[in-house]
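Participant: First the structure, which I've put down as structure tokens, then a few questions once you've had a look.
Every number in this text was worked out from the coordinates using simple rules, so none of it is lab data. Every value quoted in this text rests on a predicted model; they were computed, and no experiment measured them. Here the Cβ is made from the backbone with ideal geometry for all residues, glycine too, and neighbour counts use every protein chain on show.
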Amino acid sequence: MIAIRELRATALSAALVACSVAQAASTYAFKALDNFGGSWATGSAVNAAGTVVGTGTQAPNNDDPPMEPTRPARWALAAPTDLGVVDGGPFGRASGINDAGTTVGISFLPGNTGVRATLWSAGTITDLGTLGGTESGAYAINKAGVVVGYSMTRDNRRVRPVAWKDGAAKVLKDLGGQYAYATAISNKGHIAGYSENAVGERRAVVWKSGTLKDLGNGEANGVNSAGTVVGYAGSPVHATQWGATGAVDLGTLGGDQSFADGINDAGDVVGMSSVSGCCDYHATLWRNGVAIDLNDMVDASVRDAGWVLVTATAIDRLGHITGSARNTLQGVSRAYLLTP
């Protein structure tokens, strides 16, 4: 049961966005990162060294219809490294990285036999296992090496939020529904995520010092060392920040919807927002409560070359940003790195 946030990001990153962007002074240096030969890639996380991890695709295979196999990717420079997959499986995705370079994500096992939370470190691939079911996944890792994600239970009827430390799994408390996911962890150990409650509502949650707090309807995707949580809530959905004063609607770039996916210790929030209606998305930075189109923060030559920054999935403590950018002239999507 791959999390909805992952499916949403994949689908929206692959969509063509053809919108004009305003002219502005360059604030970030933009680098489009190479792929494995396919037409789509995205960055999921970035560390202080500017190393990006995410997902790349290979050239279409002979399936009918043809598929572009996804591979877990690490970009230390522009060229991607295929991290490999547990048991030599066909697909994988990298979702998180810490400053030591340890990376986490998921591996699809051979023969469609399961999905595993995976840790990559110093060239070694580690299967983090499950709670007895056929699927688990890892989304984030902090400087202490604590990994967070989810696992199906032995009967495959529930999805539980999990934290792994040194390979040992700890099940986190949830709100009593059928599923719950831990999606982010700060260097102070705060964990964010979401949980279905007993009446079937999806609720944003945060775990602090082992205590679970229900933040209200929505989904939490990021948390910083101050315990500030970001995600989305409402209808239509808007990027939302939960802090000491409660929930704050971060607004949009003018469209109907927005989503927040990451926050750093400086309080900068990244995600994406529609610029008109519901479906024309641009990568977005929220700083001091103001929504900023990241396409306006790169040099005009980037836009002239056809690049549109569609998603911003992560921001590190030094302000590096990654996500997915679409080239409207070439018809491809690439992971990117923004350097302040």
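Participant: Using the Cα centre as the reference, give the magnitude of the dipole from point charges on the C-beta atoms of segment 182-242 (Lys, Arg: +1; Asp, Glu: -1; all else neutral), rounded to the nearest 20 debye. Numbers along the way, then the final one.
Facilitator: Working: 5 positive and 4 negative charges, 42 e Å.
Once rounded to the nearest 20, the dipole reads 200 debye.
Participant: Any chance you could check the Cα centroid distance between segment 140-172 and segment 299-335 for me, in angstrom?
Facilitator: Using only Cα atoms to place each centre, the spacing works out to 31 Å.
Participant: I would also like to ask the following. Given points 7 Å out from each Cα along the Cα-Cβ axis, report the R287 to Q330 separation in nanometres with one decimal.
Facilitator: 2.7
Participant: Across 5 Å bins from 0, what is the distribution of all Cα-Cα pair distances for segment 216-340, in whole percents?
Facilitator: 2, 12, 22, 25, 19, 12, 6, 2, 1, 0
Participant: Sort M297, M272 so the one with the fewest other Cβ atoms within 10 Å of its own Cβ comes first. Each step should come with its number before you reach the end.
Facilitator: Details: M297 21, M272 30.
With the fewest neighbours first, M297, M272 line up as M297, M272.
Participant: Mind giving me the FRET efficiency for Q178 and A144? R0 is 35 Å, r the Cβ-Cβ distance, nearest 0.05 is fine. Write out the running numbers ahead of the final one.
Facilitator: Values: r = 30 Å, r/R0 = 0.86.
My answer for the efficiency is 0.70.
Participant: What dipole magnitude, in Debye to the nearest 20, does segment 52-200 give about its Cα centre under +1 on Lys/Arg Cβ and -1 on Asp/Glu Cβ?
Facilitator: Details: 13 positive and 12 negative charges, 125 e Å.
Dipole magnitude for segment 52-200 comes out near 600 debye.
Participant: For a distance above 24 Å, tell me the whole-number percent of Cα pairs in the chain that qualify. Display every interim value, and only then the final one.
Facilitator: Working: 29172 of 57630 pairs.
The answer is 51 percent, as a whole percent.
Participant: Considering segment 69-212, what Rg and Dmax in Å follow from its alpha-carbon atoms?
Facilitator: Spelled out, the Cα radius of gyration and Dmax of segment 69-212 are 14.9, 47 Å.
Participant: How big is the charge dipole of segment 264-327 about its Cα centre, in debye rounded to the nearest 20, if each Lys and Arg gets +1 on its Cβ and each Asp and Glu gets -1 on its Cβ?
Facilitator: Values: 4 positive and 8 negative charges, 20 e Å.
Around 100 debye, computed over segment 264-327.
Participant: Follow-up question, since we're still on this one. Suppose we look only past 14 Å in the calculated P(r) of segment 232-293. What percent of the Cα-Cα pairs does that tail hold? Mind dumping the intermediate values first?
Facilitator: Values: 900 of 1891 pairs.
Result for the distance tail: 48 percent.
Participant: Another question about this same structure. Sort T55, T102 so that the residue with the fewest other Cβ atoms within 10 Å of its own Cβ comes first and the one with the most comes last.
Facilitator: Values: T55 30, T102 19.
Final ranking by Cβ density, sparse to dense: T102, T55.
Participant: Note the count of lysine pairs whose C-alpha atoms are less than 19 angstrom apart in the chain, limited to pairs 8 or more residues apart or on different chains.
Facilitator: Lysine pairs meeting the criterion: 15.
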